[in-house]
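The values are calculated or read from the model by the stated rules, or taken from the named source; none is laboratory data. Predicted, not measured: the structure shown is a model, and the values here were computed from it. Here the Cβ positions follow ideal geometry from the backbone for every residue, glycine too, while neighbour counts run over all protein chains shown.
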Amino acid sequence: MGNDIVKSSDFESINLREALEERYLAYALSTITQRALPDVRDGLKPVHRRILYAMRQLKMDPSGGFKKSARVVGDVIGKYHPHGDSAVYDAMVRLAQDFASRYPMVDGQGNFGNIDGDSAAAMRYTEARMTEVARLMMEGLDEDAVDFRETYDNEDKEPVVMPANFPNLLANGSSGIAVGMATSIPPHNVAELCEASLYLIKHPNCSDEKLIELLPGPDLPTGGILVEDQEHILEAYRTGRGSFRVRAKWQQESLARGAWQLVVTEIPYQVQKSRLIERIADLIQNRKLPLLVDVRDESAEDIRIVLEPKSRSVDPDLLMEALFKLTDLESRISLNMNVLTASGVPQVLSLRQVLQQWLAHRRDVLQRRSRYRLAKIEHRLEVLDGYLIAYLNLDEVIRIIRYEDEPKAELMKTFSLSEIQAEAILNMRLRSLRKLEEIEIRTEHDNLSKERDQLLEMLGAEDLQWKRISKEIRAIYKLFGPDTELGRRRTDFGEATERDIEDINMAMVEREPVTLVLSEKGWIRAMKGHITDLSSLNFKDGDKLKLAVQAETTDKLLMMATDGRFYTLQADKLPGGRGHGEPIRVIIDMEPGIDVVDMFVHKPKRKLVLASTDGRGFITPEDGLVANTRKGKQVLNVTVPNEAKICKEADGDQIAVIGENRKLIVYKTEQLPEMARGRGVMLQRYKDGGISDAKIFKSDEGLTWTDSSGRSYQRSMDDLAEWTGERGQAGRLPPNGFPRSNKFNN
């Protein structure tokens, strides 16, 4: 044991923070570059690139037969991608789904999942092969078009990037979450990408507006309608960050006897149809969307979701606006073009930069393939030159081969041949010695010489290179043009119907009459129907009725408290009439010691007059009183011991104010300021007490009030001449018949 003692010198001290940072950085870089972000040149992540390469190695060409998916997955994880088989298969399935990939790279046979969110069958059951898109992505791979690197076990090689004779990054899009960054690129139309690329080749300094004119927005596999504003689209493509609003495509179908139904034929990208229908059904069941009574899925090959309205009088646009707000029939597709550049650095690129880097990659591929072809031609021309020398000296060549011990060396010495030429002559077949073969060799030599000159000319002239690239892009356009089934645009452009938010909110609530009851101790409830006889209502011991308001469930209620705050309540959200309801303080955040002054149905565009007990007040628009939070909105500023007391409709050109001292004053409402918030001005001057009541009325209708016996009184402006004065005056005792309560009571 004594010999096993470990000395402190055997350990190496390291800084834990530095060690963690180093390891986390290594993990982050691995995730960013090897998993989550696509390469700007081919638009592929490593797993997708390896799947396509494995399929190519298995010769699963578009024109060939199908092979089991399990065979592809096995090759991928065994040779190139040491990860789980389910992750690789899931990535392969997505490449085959026409509702997930705009231009699928895998042609699947069997169950590859569906738009309802159902999973694909197991890999042992499904079969696959490459599509024409995948073939284009790897065109020239054997012609030194791109670099290769060692696989993870150093037993094979794999391409670093694909030649990508197809603008895959924008055509099929990409999404992924790395460490500290993410990418999200929606699919686009290839024909439009080709047009934009061709224009960019001719006009490298063209404006962003022109590019957006040629590429107006995403083209999603599931169609739909893009309702994003043009300025936002332009800004998103200019910066590489933004989002697009996409709505489902729908139409109205007429039925018998004037009835109708709505049919959704296209849904937004990446929305699962089954979950969407479940969400709509839940809204119907929970009575959150009373305009709709049923939803049915009648989809077969195409999507067909049937929406049945409550009645033929329902506004279809309003119904759809409510559905757009509540469900994924409208969704937001994000744009974050965070990709790996050619140097392997993650960067957010604009539309112009993405196209430029793809075109630069295509030029690099063209140059490499051309140099590769040039080397092949040079080698073949060297061999052909040797053949021609052999034909011109056929007898001597035969003699050397027959009689010399070292025919190869002798041929090289006699005719000044290279080793390659001598080897080629020695490997010639006897049948090639016929006269016709010499003519064919001379023809091939001339053709190859001509091709070599053309390649040398192209490699020396940038404009010829771009001309060749443009030709390749036009070939892609022809394959996937707007007149082809795969190439036609699926996502249309439209404008979102601007409906009033209140109308949409009303569409989500079933309209029913209710009576809202508030007790003295602050308990509130919503009784069904409009109750006229309130004497039968039950309250807790020691409690009684304070306020009762007749309303509809679609109404919004405003409540004024003694501290001058206004609170907003939604009639359909209040507790039901069973029991005594709930304390109002559970619903709103009202300070202790504060009480409710008034409660009424909100009427937009109406004006109110507000006043505190000390006689200060002003006129305010009712729309400005609506509060969006439980804390309410401070409108009338009061200082203790004063409280908010008056809240009356301001519809008229005259105001009558009476104080607790039983003095009445009448003057024009134009003398009152209109304010959104404040203390206000003095409505009437008092020696003792404060304000009792106020009423705004119209001059031609006169002032009315009701006494305690229920009798109504009316006084014209002529009758009120001695009470008419200016704001802030004290006033005088009211006319005969005015209630002793000092209230107008109407």
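Of the residues Leu374, Leu335, Leu411, only one is in a helix (DSSP H, G or I) and either touching a residue at least 40 places away in the same chain (Cβ under 8 Å) or of a type in the set (Val, Ile, Thr) (or both); which?
Leu374
Which residue pairs have Cβ atoms closer than 8 Å, lie 6 or more positions apart in sequence or on different chains, and pair a first residue in the range 308-327 that is touching a residue at least 24 places away in the same chain (Cβ under 8 Å) with a second residue that is among the basic types (Lys, Arg)?
Between residues of the range 308-327 that are touching a residue at least 24 places away in the same chain (Cβ under 8 Å) and residues that are among the basic types (Lys, Arg), the close pairs are Glu308/Arg296; Asp317/Arg499; Leu318/Arg499; Glu321/Arg499; Phe324/Arg247; Leu326/Arg279; Leu326/Lys288; Thr327/Arg279.
Residues to consider are Asp653, Asp688; find the one that is modelled with pLDDT of 90 or more and of a type in the set (D, E, K, R).
Answer to the selection: Asp653.
Looking at the range 109-163, which of its residues are in contact with a Ser or Thr (Cβ under 7 Å, 6 or more places away or on another chain) and closer than 23 Å to His83 by Cα?
Phe112, Gly113, Ala120, Met123, Thr126, Glu127, Ala128, Lys157, Glu158
Give me the residue from the range 212-236 that is free of Cβ contacts under 8 Å to residues at least 24 places away in the same chain and not hydrophobic (A, V, I, L, M, F, W, C) and, out of that set, surrounded by the most Cβ atoms within 10 Å (Cβ to Cβ).
Glu228
In the set Ile284, Ile280, which member is in a helix (DSSP H, G or I), more than 25 Å from the chain's Cα centre (by Cα), among the aliphatic types (A, V, I, L, M) and within 30 Å of Trp260 (Cβ to Cβ)?
Ile284
Test Leu459 against the criterion of being in contact with a Gly (Cβ under 9 Å, 6 or more places away or on another chain) and surrounded by 14 or more Cβ atoms within 10 Å (Cβ to Cβ), and give yes or no.
In short, no.
For the range 346-357, does any single residue satisfy the condition of being surrounded by fewer than 17 Cβ atoms within 10 Å (Cβ to Cβ), outside any strand (DSSP E or B) and in contact with a Ser or Thr (Cβ under 8 Å, 6 or more places away or on another chain)?
So far as the range 346-357 goes, no, none of its residues is surrounded by fewer than 17 Cβ atoms within 10 Å (Cβ to Cβ), outside any strand (DSSP E or B) and in contact with a Ser or Thr (Cβ under 8 Å, 6 or more places away or on another chain).
Residues in the range 678-717 that are under 59 Å from the mean Cα position of the chain (by Cα), in a loop (DSSP other than H, G, I, E, B) and closer than 20 Å to Gly652 by Cα: how many?
8
Which pairs have Cβ atoms under 6 Å, sit 6 or more apart or on different chains, and link a residue in the range 529-552 that is farther than 18 Å from Ile584 by Cα to one that is part of a loop (DSSP other than H, G, I, E, B)?
Sorted first by the residue in the range 529-552, then by its partner, the pairs are Glu552/Arg511.
Keeping to the range 294-329, report how many residues are of a type in the set (Gly, Ala, Ser), over 16 Å from Gln272 (Cα atoms) and in a loop (DSSP other than H, G, I, E, B).
2
Among the candidates Gly593, Gly652, which residue alone is in a loop (DSSP other than H, G, I, E, B), closer than 18 Å to Ala694 by Cα and either small (Gly, Ala, Ser) or not assigned by TED's automatic domain parsing to the domain that holds Glu701 (or both)?
Gly652
With the condition kept exactly as written, say whether any residue in the range 442-450 is part of a helix (DSSP H, G or I), hydrophobic (A, V, I, L, M, F, W, C) and exposed (fewer than 13 other Cβ atoms within 10 Å of the Cβ).
No, because not a single residue in the range 442-450 is part of a helix (DSSP H, G or I), hydrophobic (A, V, I, L, M, F, W, C) and exposed (fewer than 13 other Cβ atoms within 10 Å of the Cβ).
For the structure I just gave you, tell me whether Gln714 is out of contact with any Cys (no Cβ under 8 Å at 6 or more places or on another chain) and either in contact (Cβ under 8 Å) with a residue 60 or more places away in the chain or at positive phi (or both).
Against the criterion (out of contact with any Cys (no Cβ under 8 Å at 6 or more places or on another chain) and either in contact (Cβ under 8 Å) with a residue 60 or more places away in the chain or at positive phi (or both)), Gln714 does not qualify.
Could we say that Lys45 is basic (Lys, Arg) and more than 23 Å from Pro218 (Cβ to Cβ) here?
Considered against the rule, which asks whether it is basic (Lys, Arg) and more than 23 Å from Pro218 (Cβ to Cβ), Lys45 comes out as no.
Considering only the range 99-140, state which residues are in a loop (DSSP other than H, G, I, E, B) and in contact with a Phe, Trp or Tyr (Cβ under 6 Å, 6 or more places away or on another chain).
Scanning the range 99-140 gives Gly110, Ile115, Ala120, Met123.
Would you check which residues across the range 689-711 are without any contact (Cβ under 8 Å) to a residue 40 or more places away in the chain and over 27 Å from Pro673 (Cβ atoms) and list them?
Selection gives Asp707, Ser708, Ser709, Gly710, Arg711.
Would you be able to tell me the number of residues in the range 57-70 that are in contact (Cβ under 8 Å) with a residue 24 or more places away in the chain and either in a loop (DSSP other than H, G, I, E, B) or more than 35 Å from the chain's Cα centre (by Cα) (or both)?
Residues that pass the stated criteria total 8.
Any residue in the range 110-134 that's on the phi > 0 side of the Ramachandran plot: show its pairings with residues that are surrounded by 18 or more Cβ atoms within 10 Å (Cβ to Cβ) and in a loop (DSSP other than H, G, I, E, B) at Cβ separation under 6 Å, as long as the two are six or more apart or on different chains.
Partner pairs satisfying both residue conditions: Gly110/Thr126; Gly113/Ala120.
From the list Pro583, Pro592, which one is farther than 30 Å from Pro673 by Cα, surrounded by fewer than 20 Cβ atoms within 10 Å (Cβ to Cβ) and in contact (Cβ under 8 Å) with a residue 60 or more places away in the chain?
Pro583
Please work out if Leu44 is surrounded by 22 or more Cβ atoms within 10 Å (Cβ to Cβ), part of a helix (DSSP H, G or I) and in contact with a Ser or Thr (Cβ under 9 Å, 6 or more places away or on another chain).
no
Looking at the range 273-298, I want the residues that are in contact (Cβ under 8 Å) with a residue 40 or more places away in the chain and have a partner that is in a loop (DSSP other than H, G, I, E, B) and basic (Lys, Arg) with Cβ atoms under 8 Å, at least 6 apart or on another chain. Which pairs are those?
Cβ pairs passing all conditions: Pro290/Lys310; Pro290/Arg511; Leu291/Lys310.
Are any residues in the range 698-742 surrounded by 11 or more Cβ atoms within 10 Å (Cβ to Cβ) and among the charged types (D, E, K, R), and if so, which ones?
Lys698, Glu701, Asp707, Arg715, Asp719, Arg727, Arg732
With the requirement that a residue be out of contact with any Ser or Thr (no Cβ under 9 Å at 6 or more places or on another chain) and crowded, with 24+ Cβ neighbours inside 10 Å, what does the range 54-70 give you?
Ala54, Met55
Can you find even one residue in the range 197-206 that is on the phi > 0 side of the Ramachandran plot, touching a residue at least 12 places away in the same chain (Cβ under 8 Å) and buried (at least 21 other Cβ atoms within 10 Å of the Cβ)?
no
Which condition from (1) buried (at least 21 other Cβ atoms within 10 Å of the Cβ); (2) under 34 Å from the mean Cα position of the chain (by Cα); (3) in contact (Cβ under 8 Å) with a residue 40 or more places away in the chain; (4) in the same structural domain as Pro104 (by TED's automatic domain parsing) is the one that Ile32 breaks?
(4)
Can you tell me how many residues within the range 274-314 are loosely packed, with under 15 Cβ neighbours inside 10 Å, of a type in the set (A, V, I, L, M, F, W, C) and in contact with a helix residue (DSSP H, G or I) (Cβ under 9 Å, 6 or more places away or on another chain)?
Matching residues across the range 274-314 total 1.
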